[in-house]
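First comes the structure, then the notes that go with it.
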Amino acid sequence: TITDVEVYRDLPNQFKLYQNYPNPFNPSTIINYQIPKDGLVSLKIYNVLGKEVETLVSRDQPAGKYQVTFNTSAKGFSLPSGIYFYQLQAGNYIETKKMVILK
């Protein structure tokens, strides 16, 4: 669940999805990414079976640097410990990284 999104003004020149921190985490982690041009952006969380467990971002965004806080217990339920993947999709760019929830 998104609890905070920050926008930075200096424009990047490439797409980039950064490793979340802290990793492993409990109950929240921060995911940073940057996009060099305006467009539809999707940031989703998947379990190891490939099932989508959360959509953090799904909207048009201007070029820039972004920070999203993912809180695993914000909706009143908690994700179990384990390996999860987060995927950024913006235009033709797709990148996926691994994160670990430890309880």
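The values are calculated or read from the model by the stated rules, or taken from the named source; none is laboratory data. Predicted model only: the values in this text are computed from it and were never measured. Please note: Cβ atoms are built from the backbone with ideal geometry, for glycine as well, and neighbour counts cover all protein chains shown. These accessible areas exclude ligands, DNA and RNA; they are computed on the full protein's heavy atoms, side chains included. Shrake-Rupley method; radii C 1.70, N 1.55, O 1.52, S 1.80 Å.
Structure notes:
- Here Gly64 clears all of (1) surrounded by 15 or more Cβ atoms within 10 Å (Cβ to Cβ); (2) at pLDDT 95 or above except the condition numbered (2).
- Tally, over the stretch 9-60, of residues that are aliphatic (A, V, I, L, M), loosely packed, with under 15 Cβ neighbours inside 10 Å and within 15 Å of the chain's Cα centre (by Cα): 2
- Evaluation of Glu95 against (1) at pLDDT below 95; (2) within 21 Å of Pro12 (Cβ to Cβ); (3) open to solvent by 40 Å² or more (accessible area, probe 1.4 Å) (one fails), failing number: (1)
- Taking the numbered list (1) modelled with pLDDT of 95 or more; (2) touching a strand residue (DSSP E or B) at 6+ places or on another chain (Cβ under 8 Å); (3) assigned to a loop (DSSP other than H, G, I, E, B) in turn, Leu49 passes all entries but (2).
- Test: residue in the stretch 61-76 that is assigned to a strand (DSSP E or B), of a type in the set (A, V, I, L, M) and within 14 Å of the chain's Cα centre (by Cα): yes
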